[in-house]
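Step one of this worksheet: look at the structure below.
Derivation of every value follows stated rules applied to the coordinates shown; laboratory data play no part. These figures come from a predicted structure and were not determined experimentally. Don't worry about glycine lacking a Cβ; one is built from the backbone with ideal geometry, like all the others, and counts go over all protein chains shown.
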Amino acid sequence: MEQFLTAESLISLLTLVLMEVVLGIDNVIFVSIVMNRLPEEKRPAARRIWMFTGMAVRIILLLCIGYIVKAVHPLFHIGSHGFSLRDLIMLGGGLFLLIKTTLEIHHKLEGEEEQINIKNGNKPAASMLNVVGQIILIDTIFSFDSIITAVGLAKQVPVMIIAVVIAMIVMFLFAPRISDFIHKHPTLKMLALSFLVMVGAILIIEGWDADKAHDLHLKNYVYFAMAFSFGVEMLNMRVRKGSKPVELKEPKL
């Protein structure tokens with residue numbers, strides 16, 4: 001117990017919690033947007049499933065830390081370029097995020113799918129199982145990336161597990177407020193979707209060449225761009241306070 005109360009362990013714990021929360025911002029944004037396709041009464045249950053599955057996935061990955069470290073070694077080569085399990089997960093996750101976000105933007109602006117379904121008298125395809133499945137999938141991808149980063153910041157697995165649990169609780173507590181705020185302001189929703197497109201592109205770049213992506217600090221540029229755009233939009237909302245925002249199309253369940 002005393003080894004977890006040392007200054008080094010406490011600094012590692014605080015650093016990991018902050019890192020998990022910061023890296024979890026894109027995860028929270030994705031969850032908030034996808035979860036909005038559920039009826040309001042089902043969202044709390046979906047959030048609880050997200051929190052517990054998120055904790056479970058991260059803890060399992062941490063307990064399998066030895067295998068995860070080996071996951072950066074190439075499984076096969078195409079020409080002189082090798083691809084590891086981590087690379088394949090990043091590439092697949094990036095493509096999934098690009099496709100899902102592009103479709104979400106289309107539905108918000110065009111709404112063809114919802115219109116056709118309503119016209120035919122059928123409910124949209126979104127269901128609890130569908131939404132939770134997407135959340136677990138993207139959460140696993142983000143977890144894999146953050147756990148690999150955590151390995152370099154802490155030496156003790158229990159410290160990493162505690163940090164993951166604390167970070168998930170923080171994200172769970174703030175997720176409803178973030179979701180409500182985003183959905184009340186259509187411009188922020190489109191900015192959030194644009195942000196997810198950039199995150200998807202970064203995942204693909206990391207999957208293709210993780211070392212170069214790390215050297216270029218691409219995530220720093222993306223987070224700066226999102227923070228700057230968010231600041232500009234907050235100023236714009238303040239100037240245009242009282243004006244009626246554009247209504248984006250939403251699925252009617």
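Odds and ends about this structure:
- Calculated from the alpha-carbon coordinates, region 10-239 shows an Rg and a Dmax of 18.3, 58 Å respectively.
- Over 21 Å between alpha carbons, listed pairs 100/189; 100/241; 108/189; 184/241; 42/184; 219/241: 100/241; 219/241
- This ranking places 110, 40, 20 by how few other beta-carbon atoms lie within 10 Å of each, fewest first, which gives 40, 110, 20.
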